[in-house]
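The values are calculated or read from the model by the stated rules, or taken from the named source; none is laboratory data. What you are looking at is a predicted structure, and each value in this text was computed from that prediction instead of being measured. Note that we place each Cβ from the backbone using ideal geometry, even for glycine, and neighbour counts take in every protein chain shown.
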Amino acid sequence: MRSSLADIKRASAQGRKSVSRQTYTVRNELASGDWVALQVDWEGALAIPVAGLAAGATMRAYFAMFLHFRDGKIMQQSNYDCFEPW
């Protein structure tokens with residue numbers, strides 16, 4: 001799925017309303033040429049009820065992220081997310 005800058009901004013604004021606190025922990029990283037691969041753990045405290053979870057509940061997910069750089073800027077990002085059961 002491709003997202004425009006406007007789509008990313010809308011999703012970010014919605015996320016700020018849904019999550020009161022979040023942390024990212026990089027578990028592993030690997031670089032090759034213009035590519036970087038990251039293994040990341042995410043944890044977020046809900047600000048509002050989501051998918052049957054109460055406000056204040058914690059969600060957890062594990063991400064594989066692949067970043068392609070050009071001239072020091074991210075040109076492409078692909079994420080593969082795995083959320084713990086809600």
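A few notes on this one:
- Consider region 45-57 and keep the residues that are assigned to a strand (DSSP E or B) and touching a Ser or Thr at 6+ places or on another chain (Cβ under 7 Å). The one that is surrounded by the most Cβ atoms within 10 Å (Cβ to Cβ) is Leu46.
- Residue match in region 19-27 (condition: of a type outside the set (Phe, Trp, Tyr), out of contact with any strand residue (DSSP E or B) (no Cβ under 7 Å at 6 or more places or on another chain) and surrounded by 12 or more Cβ atoms within 10 Å (Cβ to Cβ)): no
- Of the residues making up region 58-85, those that are exposed (fewer than 10 other Cβ atoms within 10 Å of the Cβ) and in a loop (DSSP other than H, G, I, E, B) are Asp71, Gly72, Pro85.
- Summed over region 9-54, residues that are basic (Lys, Arg), free of Cβ contacts under 8 Å to residues at least 12 places away in the same chain and more than 21 Å from Lys73 (Cα to Cα) total 2.
- Residue match in region 6-18 (condition: touching a strand residue (DSSP E or B) at 6+ places or on another chain (Cβ under 7 Å), at pLDDT 95 or above and not hydrophobic (A, V, I, L, M, F, W, C)): no
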